[in-house]
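Chemist: Encoded as structure tokens, here's the structure I'll be asking about.
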Amino acid sequence: MKNNSGKRIGIFGFGCVGQGLHDVLQDNTHLEVVKICVRDKEKLRTLPSNRFTYDPQELLQDETIDLFAELISDPEEAFFIVRQALKAGKIIVSANKKMVSENLPELVELQKQYGGTLLYEAAVCGSIPILRTLEAYYGNEQLQEVSGILNGSSNYILTKLDAEGLSYDDALQQAQELGFAEADPTLDVGGYDAMHKISLIAAHAFGALPAPSDILRAGIQHIAKRDVSLAQALGARIRLVASAKLDIKHKLLVQVLPTFVFPESELYYVEAEFNGVQLKAKYAGDQFLKGRGAGSHPTGSAVWADISAALAGYKYTYQKLDRAAVQLEEDAALKLYLRTSKPTLLPELAWLELTSFGVDAQAEQLVGTIKRKDLLQHLQALEAADAFVAEIPTYVTVEELVKASVPLLEEISGY
Ligand SMILES: NC(=O)c1ccc[n+]([C@@H]2O[C@H](COP(=O)([O-])OP(=O)(O)OC[C@H]3O[C@@H](n4cnc5c(N)ncnc54)[C@H](OP(=O)(O)O)[C@@H]3O)[C@@H](O)[C@H]2O)c1
């Protein structure tokens, strides 16, 4: 193993991930932490005050620093820091999925132009080495699909709904108390966090750079007990699944949607705050990675792995990005489960077919087929109208849905 003795690192951020990295470095390497840049001068810290700076330039302009770790929670400032480091030809590792996914073309270009290195394994599924696997192992083999549970907070909530029958609000509160969800959970439960991660996966797995507006995205915030009970009656679980897959026309479908997952899928068994990613490769076949997608030490460990790799000369090669661009699929249809208390919106959508299979005073449950581009246009309006939508496999029939929902409706209406 390469000895990192004598190398000097500047760290930005001393929150959950920054402290995790600091612990890991104390235990495992001889890297010298020059200083840690933070924002709040009043905050109580676990290290002496002389270990901190509040001025990013004190680190960025220090010629004696060999590399940086960017672990702050402010994406704009993070981009500023990473850009300046790359323009100086330095090594920098980051955990910021939003910042990297929204600026990837420029970040790739800056590395080419100035010779610096940016690694960001920790930004996608914390401790699971997915980007390095895609880059180093599948850089040349054609992948057919990469899909997974990429957000621990929403998976924790969905697991509690399914396994313990908690309400959404109670499960969210529990996740917040245990530190698995932020005070403002929108990014997690709304599917935005998973959207940033799947866009990075799409870049490394398929060479695609989908804009957020091209990604079909819906969250779990409107899920109700009757959706969970319906899934259970069908023998399934609802999970927030992010996926990027090639269709038969070789076009790429990228989405983040609540999905009915059946026991045949590895994702069915990913519980609580865990993440899981499955790969389907043309020659290697199927693979599955599961692990802790967040948390101080698991994420700190991923940052450390990037630091060690970068110091040993490792860079992402973006092999697939450099080849012919993959086109995104818009015309493919998908089968959707929908529950809404405001069905007036539904006729505005261009359904290929739509069947109502459960109606009572509170809500209507429907199953339909719709083209991706038509759904994309209306997803925000559906979410704004409190509708819960989930992809359901095409093999689930209306008869099965009716059979599964009748006892539930009887229970709700108190027969
Ligand atoms: N938490 C996880 O498990 C996890 C997993 C994977 C990726 N990530 C990503 O890792 C990054 C850090 O997350 P976190 O959970 O560690 O956040 P956090 O606990 O909220 O800590 C954020 C840190 O960033 C510092 N900071 C914020 N704005 C700053 C600015 N403008 N200049 C300097 N420092 C600034 C804060 O300074 P103060 O201490 O002064 O407030 C704090 O130390 C985020 O991009 C997040 O998406 C987190």
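Chemist: Within region 45-95, how many residues are in a strand (DSSP E or B) and among the hydrophobic types (A, V, I, L, M, F, W, C)?
Modeler: Going through region 45-95 one residue at a time, the tally reaches 7.
For every residue, the table says whether it meets (1) open to solvent by 10 Å² or more (accessible area, probe 1.4 Å); (2) part of a loop (DSSP other than H, G, I, E, B); (3) not acidic (Asp, Glu).
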residue: Arg239; (1), (2), (3): no, no, yes
residue: Leu253; (1), (2), (3): yes, no, yes
residue: Val256; (1), (2), (3): no, no, yes
residue: Leu289; (1), (2), (3): yes, no, yes
residue: Ala294; (1), (2), (3): yes, yes, yes
residue: Val303; (1), (2), (3): no, no, yes
residue: Gly313; (1), (2), (3): yes, yes, yes
residue: Leu321; (1), (2), (3): yes, no, yes
residue: Ala325; (1), (2), (3): yes, yes, yes
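Chemist: A follow-up question, please. Yes or no: Thr53 modelled with pLDDT under 95 and open to solvent by less than 30 Å² (accessible area, probe 1.4 Å)?
Modeler: Considered against the rule, which asks whether it is modelled with pLDDT under 95 and open to solvent by less than 30 Å² (accessible area, probe 1.4 Å), Thr53 comes out as no.
Chemist: Moving to a separate point now. Go through (1) over 25 Å from Ala312 (Cα atoms); (2) without any contact (Cβ under 8 Å) to a residue 24 or more places away in the chain; (3) assigned to a helix (DSSP H, G or I) one by one and return the number of the condition Asp27 breaks.
Modeler: (1)
Chemist: Residues Leu366, Leu346, Leu379, Leu354: which one is closer than 25 Å to Ala244 by Cα and not charged (D, E, K, R)?
Modeler: Selected residue: Leu379, the only one of Leu366, Leu346, Leu379, Leu354 that is closer than 25 Å to Ala244 by Cα and not charged (D, E, K, R).
Chemist: Could you give me the residue pairs with C-beta distances under 6 Å whose first residue belongs to region 36-59 and is within 18 Å of Leu25 (Cβ to Cβ), whose second residue is more than 11 Å from the ligand (Cβ to nearest atom) and of a type outside the set (D, E, K, R) wherever it lies, and which are 6+ apart or on separate chains?
Modeler: If the second residue must be more than 11 Å from the ligand (Cβ to nearest atom) and of a type outside the set (D, E, K, R), the pairs left are Leu59/Gly10.
Chemist: Does region 288-302 hold any residues that are closer than 16 Å to Lys197 by Cβ, within 11 Å of the ligand (Cβ to nearest atom) and not charged (D, E, K, R), and which are they?
Modeler: Once the filter is applied, which keeps residues that are closer than 16 Å to Lys197 by Cβ, within 11 Å of the ligand (Cβ to nearest atom) and not charged (D, E, K, R), region 288-302 yields Gly293, Ala294, Gly295, Pro298, Thr299, Ala302.
Chemist: Moving on. Which residue out of Ile307, Ile392 is under 23 Å from Val228 (Cβ atoms), crowded, with 16+ Cβ neighbours inside 10 Å, touching a residue at least 24 places away in the same chain (Cβ under 8 Å) and not charged (D, E, K, R)?
Modeler: Within the list Ile307, Ile392, the selection yields Ile392.
Chemist: Just for helices (runs of 4 or more DSSP H) wholly inside region 147-226: which have at least 3 residues that are out of contact with any Gly (no Cβ under 9 Å at 6 or more places or on another chain)?
Modeler: Correct list: 152-164, 168-177, 192-206.
Chemist: Among the residues of region 273-287, which ones are within 14 Å of the ligand (Cβ to nearest atom) and either at pLDDT 95 or above or open to solvent by 70 Å² or more (accessible area, probe 1.4 Å) (or both)?
Modeler: Phe274, Asn275
Chemist: A follow-up question, please. Please name all residue pairs, on different chains or six or more residues apart, with Cβ atoms under 7 Å, provided the first residue is in region 363-382 and is at negative phi and the second residue is open to solvent by 40 Å² or more (accessible area, probe 1.4 Å) and among the hydroxyl-bearing types (Ser, Thr, Tyr).
Modeler: Taking only residues 6 or more apart or on different chains, the pairs are Ala363/Ser341; Glu364/Ser356; Leu366/Thr355; Leu366/Ser356; Val367/Thr355; Gly368/Thr355.
Chemist: Mind checking which residues of region 187-237 are under 19 Å from the mean Cα position of the chain (by Cα), surrounded by fewer than 24 Cβ atoms within 10 Å (Cβ to Cβ) and polar (S, T, N, Q)?
Modeler: Listed by number, the residues that qualify are Ser213, Gln221.
Chemist: Would it be correct to say that Ser73 is within 14 Å of the ligand (Cβ to nearest atom), in contact (Cβ under 8 Å) with a residue 60 or more places away in the chain and more than 27 Å from Asp23 (Cα to Cα)?
Modeler: In short, no.
Chemist: Does Ile81 satisfy being in contact with a Pro (Cβ under 9 Å, 6 or more places away or on another chain), open to solvent by less than 60 Å² (accessible area, probe 1.4 Å) and either within 11 Å of the ligand (Cβ to nearest atom) or closer than 22 Å to Glu121 by Cα (or both)?
Modeler: Yes, satisfied.
Chemist: Hey, among the residues in region 96-113 that are in a helix (DSSP H, G or I) and crowded, with 24+ Cβ neighbours inside 10 Å, which one's farthest from the ligand (Cβ to nearest atom)?
Modeler: Ser101
Chemist: Conditions first: (1) within 12 Å of the ligand (Cβ to nearest atom); (2) surrounded by fewer than 24 Cβ atoms within 10 Å (Cβ to Cβ); (3) not charged (D, E, K, R). Gly116 passes all but one, so which condition is the exception?
Modeler: Single failed check for Gly116: (1).
The values are calculated or read from the model by the stated rules, or taken from the named source; none is laboratory data. These figures come from a predicted structure and were not determined experimentally. Neighbour counts run over all protein chains shown; Cβ positions are idealised from the backbone, glycine included. When the accessible area is computed, the model is the full protein with side chains, heavy atoms only, and any ligands, DNA or RNA have been set aside. Shrake-Rupley method; radii C 1.70, N 1.55, O 1.52, S 1.80 Å.
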